[in-house]
Amino acid sequence: MNKVRYSPLPQQFADVDAVFDGIRELVASGDFTLGKAVGEFELAFAEKMGMKHASGVGSGTDSLKLPLKALGVGPGDEVITCANTFIATVGAINELGARPVFVDCDDTFCLRAEEIEAAITPRTKAIMPVHLTGEVANMPAIMEIATRHGLPVVEDACQSMMSELDGKKAGSWGIAAGFSMHPLKLINVWGDAGIIVTDDDAMNANLRMLRNHGLANRDEVKILGYNTRLDSLQAIVGSWMLGQIDEIVAGRREAAAFYDRGFADTPELRIPERRQSVLHTYLLYIVFAEERDALLEHCLQSGIEAKIHYPVPLYQQEGLARFGYRAGDFPTTDRHAREMITFPVDSYLSRAEQEHVIGTVRSFYESRRT
């Protein structure tokens, strides 16, 4: 049986002598906390994103929480976000004592901008659009609404590093944006890590204190903060990955285009619109499928590590029951949970592996037709 794995980590980290050389230098220096390696990575990341500042933190979740905290979001406040997202988005809001207020998505998998205004209340403190799968939300429309209502925008760009809309990168629209460097992201380190970008000097100063106990320096606590510093070791891994990011993204785009061509004549699959205004990075390659659950089982039995992102809509999860949402509140999110399937996509996949995926899907539907 042909095996098509989902995670490319074994191939990606097969030859890491340069990383180990950097770690040896780190150990010899003893510069383990917010040292040279972290500063160099932050400068390089900010430059790559076209932003003034970048601050490394301990996780992608913290990369979302800290900007909200810097904006004063707290108990009793509301933050508008997308009903279809990973739990970290809501977790970041909840950790501050605020309430997530959901808006449905559209078939880009991102927040539906035209429904935002109906969700705004006197308690709304911020808007957090989520750029899911490598897509980019409708940021011009979102920013226009936010500006008109005097609301800051913090972007959840954890899944869309290097994606662009109208030539402007995801994460460069709002006052700040958070990125994840979890092992399944485009820049992935050896554990959890995140990074925040901003062009706002005051926001940057606040973020740097918030990630380090609220310390202005070794002896002065200016605010009450957190312990969520980016480890120097992870910064070394991140710098090594950042040097490959253009190649990684190009490989994913090529792989996605190959799938698109291969699936184009399968009527039971619907490929999401590929907007010319968006440079998609395809962290996830998702299509809409008839008989999705049966197709998923067939793929798994055929050695293909297909997945669903996500089988239970977040707003319907037991842990979010106290927010009072009910099944059917967000119909597009519900439909996505029924129809979406994710196929492996990365720069290390061979064309033979992709052809196996395409052939397996085609044969599944051909057998159903007959």
So, in segment 164-197, exactly how many residues are in contact with a Ser or Thr (Cβ under 8 Å, 6 or more places away or on another chain) and buried (at least 24 other Cβ atoms within 10 Å of the Cβ)? 13
Any idea which residue in segment 261-281 is farthest from V136 (Cα to Cα), counting only those that are touching a residue at least 40 places away in the same chain (Cβ under 8 Å) and of a type in the set (G, A, S)? G262
Have a look at R292, R322, R326 and point out the one that is over 23 Å from the mean Cα position of the chain (by Cα), without any contact (Cβ under 8 Å) to a residue 60 or more places away in the chain, more than 18 Å from L111 (Cα to Cα) and crowded, with 18+ Cβ neighbours inside 10 Å. R292
Looking at the structure I just gave you, is A255 in contact with a Leu (Cβ under 7 Å, 6 or more places away or on another chain), assigned by TED's automatic domain parsing to the domain that holds L295 and in a helix (DSSP H, G or I)? yes
Considering only strands (runs of 3 or more DSSP E) fully contained in segment 89-203, which possess at least 1 residues that are over 30 Å from V19 (Cβ atoms)? 99-103, 124-128, 154-156
For Y315, only one of the following conditions fails: (1) among the aromatic types (F, W, Y); (2) part of a loop (DSSP other than H, G, I, E, B); (3) within 21 Å of A157 (Cα to Cα). What is its number? (2)
Restricting attention to segment 84-110, which residues are farther than 13 Å from H336 by Cβ and not β-branched (V, I, T)? F86, A88, G91, A92, N94, E95, L96, G97, A98, R99, P100, F102
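Quick grid of which residues meet (1) of a type outside the set (S, T, Y); (2) in contact with a strand residue (DSSP E or B) (Cβ under 6 Å, 6 or more places away or on another chain); (3) in the same structural domain as R274 (by TED's automatic domain parsing):
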site: M51; (1), (2), (3): yes, yes, no
site: E78; (1), (2), (3): yes, yes, no
site: N84; (1), (2), (3): yes, yes, no
site: I87; (1), (2), (3): yes, no, no
site: D104; (1), (2), (3): yes, no, no
site: T108; (1), (2), (3): no, no, no
site: V130; (1), (2), (3): yes, yes, no
site: H149; (1), (2), (3): yes, no, no
Scan segment 263-285 and give yes if some residue there is more than 19 Å from the chain's Cα centre (by Cα), in a helix (DSSP H, G or I) and either surrounded by 16 or more Cβ atoms within 10 Å (Cβ to Cβ) or assigned by TED's automatic domain parsing to the domain that holds V357 (or both), otherwise no. yes
Residue hits (segment 42-58; over 21 Å from Y226 (Cα atoms) and out of contact with any Lys or Arg (no Cβ under 8 Å at 6 or more places or on another chain)) are L43, A44, F45, E47, K48, M51, K52
Members of segment 69-90 that are crowded, with 16+ Cβ neighbours inside 10 Å and farther than 20 Å from Y285 by Cα: K69, A70, L71, V73, D77, E78, V79, I80, T81, A88, T89, V90
Do you know which residues across segment 318-364 are closer than 26 Å to E95 by Cα and assigned to a loop (DSSP other than H, G, I, E, B)? G324, Y325, R326, A327, D329, F330
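Okay, residues lined up against (1) under 18 Å from H53 (Cβ atoms); (2) aromatic (F, W, Y); (3) touching a residue at least 40 places away in the same chain (Cβ under 8 Å):
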| site | (1), (2), (3) |
| --- | --- |
| H182 | no, no, yes |
| L186 | no, no, yes |
| W190 | no, yes, yes |
| R218 | no, no, no |
| L233 | no, no, yes |
| I245 | no, no, yes |
Criterion: more than 30 Å from V357 (Cα to Cα), at pLDDT 95 or above, of a type in the set (V, I, T) and surrounded by 20 or more Cβ atoms within 10 Å (Cβ to Cβ) - qualifying residue of V4, V57, V19: V57
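The values are calculated or read from the model by the stated rules, or taken from the named source; none is laboratory data. These numbers were taken from a predicted model, which means no experiment stands behind them. Virtual Cβ from ideal backbone geometry, glycine too; neighbours counted across all protein chains shown.
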